[in-house]
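The values are calculated or read from the model by the stated rules, or taken from the named source; none is laboratory data. This is a predicted model, so every value here is computed, not measured. Cβ sites come from the backbone with ideal geometry, for glycine too, and all protein chains shown count toward neighbours. Please note that ligands, DNA and RNA were not included when accessible areas were found on the heavy atoms of the full protein model with its side chains. Shrake-Rupley method; radii C 1.70, N 1.55, O 1.52, S 1.80 Å.
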Amino acid sequence: MHIINTMKILFAASEALPFVSTGGLADVIGSLPAALAKDGHDVRVALPLYSAIDDKYRRQMTFVCAIRVKLSWRNQYCGIFRLEQNGVTWYFIDNEYYFKRLSLYGNYDDGERYAFFSKAVLDILPYVDFRPDIIHTNDWQTALVPVYLKQMYANIDSYRMIKSVHTIHNIEYQGIYDFGILDDVFSLSPSQAPIVEYKGSVNLTKGAIVCCDRLTTVSPNYAKQILTEEYSSGLHYILAMYEYKLSGILNGIDVGYYDPASSPALAAKYTADDLSGKAECKKMLQRELSLPESPDVPMFAMISRLASHKGFDLVTAILERFLASDDVQFVVLGRGEIQYERFFERMAAQFPGKMRVIIDFNKDLANRIYSASDIFLMPSRSEPCGLSQMIASRFGSVPIVRETGGLYDSIKPYIAGTGEGNGFTFAAYNADDMLYVMRQAESLYRDEPEAFSALVKKVMGVDFSWGASAAKYIRLYSETL
Ligand code: GLC
């Protein structure tokens, strides 16, 4: 196969670090484009200019020009700003009516906001003088880009050769809207309805599945799982038809940002060769959270959106029992569903010497917890890829995961004796199975400190950088061209 040396790639996404983030998608868009640019490709990213984006970034932007974006009867202002960072060119799409909001998602007109953004991504190209080989879109917010590209731009010379790759980061969020706004908001005619129509609604993810040239998701295992009814959130019929386009590529993480040897968030720095700084991080976090400063008590941590698919019903089923009987510390950082927030607050009140919960989304505190903890718990019911198990590994917190989605692809079970594996795992979605491996990890920590410390060093050394996966994306792009 012929691999083109330098490719021109345009990413479109609704969030990206360091500018604006609500979850794992922002991590990926904040790091994959830079990894591709490092290999010599011309990589650019389009992002909405939300009011939440800090002034310190706005000051680095330059104004390119303003155009009008037409969609249905609308003719909207679209300012284009540009910023360079880590070899990547960023285009920020400005329209205060759409993007000056209190929250990124959950507005009554999200369909219209991201239809505007998706159309703008295509319309700005002549004005920024960029003709990409590939447009790579992500999740439902940009799912209309491949639809518009095929349906509205296919006859325009400068667009005809552009290929599209669409990535599903989480199939539970599809962009489902009332069929009545097909024309008025999405500017699609009744004859185009079959492209986006699914079960009587407009389904933007379905539109992308139909129209894109290649479809990916964020781990090989999840690519298989979403073909099944259990994991597809209703889209398995459609995915079965387009299975020939689908593949799974495991995400990487930004190993420069998540680095215990240099992270400015940490109380002390450390490496796998010298873990004394990690012990210091543990002590400082215990002090910060007013937990007993015991170096030899295993500290479990969870850092997660408090959503049920992250496996919190397993945790609520066993935590009281676990804390009542075991000499451990347990730290939770996250916010989300109220019943879990309340549950953890109750546990913290009941076990003040063992348990803390911080209801927040806080990246610096997250890094302090990754570095301080010994064991990281991630028992997701479904997990497209998961990044926290990789970040935890990097900071030497040994992951315990359920064998699903990307957790299965990234964490292999520890086998006593041979020392194989890079974490602890359990297969069935069952609270007692989880508790069993939690105690396995705990007893390795307590009874075989040398074996545990060898495991810590090993997990810190696992390569979760973008290198191999970025190469897989390049190969996939080449195949489409
Ligand atoms: C979503 C998924 C998560 C994945 C991330 C980045 O947040 O839930 O598993 O790691 O996207 O692809």
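Observations, loosely collected:
- With respect to the conditions (1) out of contact with any helix residue (DSSP H, G or I) (no Cβ under 8 Å at 6 or more places or on another chain); (2) within 28 Å of Pro264 (Cα to Cα); (3) surrounded by 21 or more Cβ atoms within 10 Å (Cβ to Cβ), Ala470 falls short on a single one, namely (1).
- Condition met for Gly421 (open to solvent by less than 10 Å² (accessible area, probe 1.4 Å) and not aromatic (Phe, Trp, Tyr)): no
- Residue count for the range 392-438, restricted to those that are more than 20 Å from Ile303 (Cβ to Cβ) and among the polar types (S, T, N, Q): 2
- Of all residues in the range 379-391, those that are more than 6 Å from the ligand (Cβ to nearest atom), within 16 Å of Leu306 (Cβ to Cβ) and buried (at least 23 other Cβ atoms within 10 Å of the Cβ) total 3.
- Qualifying residue in the range 298-308 (condition: closer than 15 Å to Ile375 by Cα, at pLDDT 95 or above and assigned to a helix (DSSP H, G or I)): no
- Residue count for the range 270-293, restricted to those that are assigned to a loop (DSSP other than H, G, I, E, B) and within 25 Å of Ile411 (Cα to Cα): 4
- The range 218-260: number of residues that are part of a helix (DSSP H, G or I), open to solvent by 30 Å² or more (accessible area, probe 1.4 Å) and either within 16 Å of the ligand (Cβ to nearest atom) or under 30 Å from Thr271 (Cβ atoms) (or both): 2
- Check on Tyr148, open to solvent by 70 Å² or more (accessible area, probe 1.4 Å) and either part of a strand (DSSP E or B) or in the same structural domain as Val45 (by TED's automatic domain parsing) (or both): no
- Some residue of the range 174-189 being part of a loop (DSSP other than H, G, I, E, B), within 16 Å of the ligand (Cβ to nearest atom), touching a Phe, Trp or Tyr at 6+ places or on another chain (Cβ under 6 Å) and at pLDDT 95 or above: yes
Yes/no per residue for (1) crowded, with 21+ Cβ neighbours inside 10 Å; (2) in the same structural domain as Ile411 (by TED's automatic domain parsing); (3) on the phi > 0 side of the Ramachandran plot:
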position: Pro298; (1), (2), (3): yes, yes, no
position: Gly311; (1), (2), (3): yes, yes, yes
position: Ile318; (1), (2), (3): no, yes, no
position: Leu333; (1), (2), (3): yes, yes, no
position: Arg356; (1), (2), (3): yes, yes, no
position: Ile359; (1), (2), (3): no, yes, no
position: Asn367; (1), (2), (3): yes, yes, no
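- The set of residues in the range 100-129 being open to solvent by 30 Å² or more (accessible area, probe 1.4 Å), in contact with a Ser or Thr (Cβ under 8 Å, 6 or more places away or on another chain) and in a helix (DSSP H, G or I) consists of Pro126 alone.
- Just one of the listed residues (Tyr50, Tyr91, Tyr97) is more than 16 Å from the ligand (Cβ to nearest atom) and either part of a helix (DSSP H, G or I) or out of contact with any Phe, Trp or Tyr (no Cβ under 9 Å at 6 or more places or on another chain) (or both), namely Tyr97.
- Unique residue being outside the structural domain of Arg394 (by TED's automatic domain parsing) and either within 17 Å of Asp374 (Cβ to Cβ) or open to solvent by less than 30 Å² (accessible area, probe 1.4 Å) (or both) when the list is Leu266, Leu285, Leu289: Leu266
- Scanning the range 16-42 for residues that are in a strand (DSSP E or B) and touching a Phe, Trp or Tyr at 6+ places or on another chain (Cβ under 7 Å) yields one hit, Val20.
- Restricting the range 73-96 to residues that are closer than 11 Å to Phe116 by Cα and touching a helix residue (DSSP H, G or I) at 6+ places or on another chain (Cβ under 9 Å), the residue that is most open to solvent (accessible area, probe 1.4 Å): Tyr77
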